[in-house]
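The structure under discussion appears below in the form of structure tokens.
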Amino acid sequence: MTSEQRPTGAKIIDGKALARTLRIECRARAQALAQAGCIPGLAVVLVGSDPGSRVYVTNKVRACAEVGVASRLLEFPADVPESDVLAAIRTLNNDPAIHGILVQLPLPPHIALRQVLETISIEKDVDGFHLYNVGGLVLGNAVFPPCTPYGVQKLLESEGIDVRGQNVVVVGASNIVGKPMALMLMQQEATVAICHARTRDLAQFTILADILVVAAGVPGLIVPQMVKAGAVVIDVGINRLPDGRLVGDVDFEGVRKKASHITPVPGGVGPMTVTMLVVNTLDSAERAWRGR
Ligand code: GUN
């Protein structure tokens, strides 16, 4: 932390700006592929009409359009038979114009999540949720790192924050964020603890964190007393309050006075998640083009 930052508190990590920079690189990669004769393509599968999922899907489709990735949205009603979804995925697996397949989660309860995720071709699994890609992450050679933790990794890199040997506490143990985040940080030789809803006295862990990554989905969960002075605080939470405000899991105004770096909500991790999906899709398209 510089002396200039001390009086006002943490540096605010601008995820929107980094996402913009990365998307410019993505556009150049998409153009180069297109000139070679390959239009990169992403298929997005949406089941049901959950308003949150619809917003995320719209953002993903928009990000693709912005960089020159063709996207195809497949929408199914909430009561669609599982077999129809599996059949659609198999068709996409065999479609050479599609380089990435994403099934927006959550799925309705009558659809077996693992069955759906394991049907996606491992070469097109741009969310990185297939068992094979999860295994790659465990072994330290992920093909498609899951987009949200991948975005957090890029944010830390962009700030020159070296995680090696640092105490990192991840709050939240989901398959989408917490677990892959912990594995990626461990691969980079951080000392990682994962806390979750059943953790007793969360503060005794969070106070030790040099880097605190919070993905619990609980607005205001992390208050200043739980944060070490000078810590880097990454807020993955996106919560809509009854008054319509969008907030993270961290008491931003309180914690920013104590942290060295902090991500805002919105404008922190969110724009990076969508961008890393585009990056994974381009990686997939380039790999397919090279191996044709
Ligand atoms: N729902 C919430 N986050 C995600 C994500 O990263 N990918 C997908 N497919 N669904 C989600």
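The table for this structure:
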read-out	value
Residue count for region 58-73, restricted to those that are among the charged types (D, E, K, R) and within 19 Å of residue 92 (Cα to Cα)	2
Odd one out for residue 113, checked against (1) surrounded by 13 or more Cβ atoms within 10 Å (Cβ to Cβ); (2) farther than 27 Å from residue 269 by Cβ	(2)
Considering residues of region 75-108 that are within 14 Å of the ligand (Cβ to nearest atom) and more than 11 Å from residue 43 (Cα to Cα) only, the residue surrounded by the fewest Cβ atoms within 10 Å (Cβ to Cβ)	106
Residue tally, condition in contact (Cβ under 8 Å) with a residue 24 or more places away in the chain and charged (D, E, K, R), over region 162-206	2
Residue in region 186-199 that is in contact with a Cys (Cβ under 8 Å, 6 or more places away or on another chain) and not hydrophobic (A, V, I, L, M, F, W, C) present	no
Any hit, region 258-268, residues being within 16 Å of the ligand (Cβ to nearest atom), hydrophobic (A, V, I, L, M, F, W, C), touching a residue at least 60 places away in the same chain (Cβ under 8 Å) and surrounded by fewer than 24 Cβ atoms within 10 Å (Cβ to Cβ)	no
Filtered residue count, region 31-51, keeping only those that are buried (at least 16 other Cβ atoms within 10 Å of the Cβ) and either out of contact with any strand residue (DSSP E or B) (no Cβ under 9 Å at 6 or more places or on another chain) or part of a loop (DSSP other than H, G, I, E, B) (or both)	5
Unique match (being within 14 Å of the ligand (Cβ to nearest atom), surrounded by 13 or more Cβ atoms within 10 Å (Cβ to Cβ) and basic (Lys, Arg)) among 72, 54	54
Residue under evaluation residue 166, criteria (1) away from the ligand (no atom under 15 Å from the Cβ); (2) more than 19 Å from residue 178 (Cβ to Cβ); (3) polar (S, T, N, Q), criterion not met	(2)
Count of residues meeting criterion [more than 14 Å from the ligand (Cβ to nearest atom) and closer than 17 Å to residue 287 by Cα] in region 28-51	14
Looking only at region 154-163, and only at residues there that are farther than 9 Å from residue 272 by Cα and surrounded by 19 or more Cβ atoms within 10 Å (Cβ to Cβ), the one that is farthest from the ligand (Cβ to nearest atom)	163
Any hit, region 97-116, residues being more than 22 Å from residue 176 (Cα to Cα) and of a type outside the set (D, E, K, R)	yes
Residue count for region 112-126, restricted to those that are farther than 21 Å from residue 52 by Cβ and either away from the ligand (no atom under 16 Å from the Cβ) or not β-branched (Val, Ile, Thr) (or both)	8
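Residues are listed down the side, and each one gets a yes or a no for (1) within 16 Å of the ligand (Cβ to nearest atom); (2) modelled with pLDDT of 95 or more; (3) over 18 Å from the mean Cα position of the chain (by Cα); (4) within 24 Å of residue 217 (Cβ to Cβ):
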residue	(1), (2), (3), (4)
110	no, yes, yes, yes
128	yes, yes, no, yes
131	yes, yes, no, no
139	no, yes, yes, no
150	yes, yes, no, yes
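The values are calculated or read from the model by the stated rules, or taken from the named source; none is laboratory data. All values reported here derive from a predicted model rather than from experimental measurement. Because the Cβ atoms are built from the backbone with ideal geometry, glycine has one as well, and the counts that use them run over all protein chains shown.
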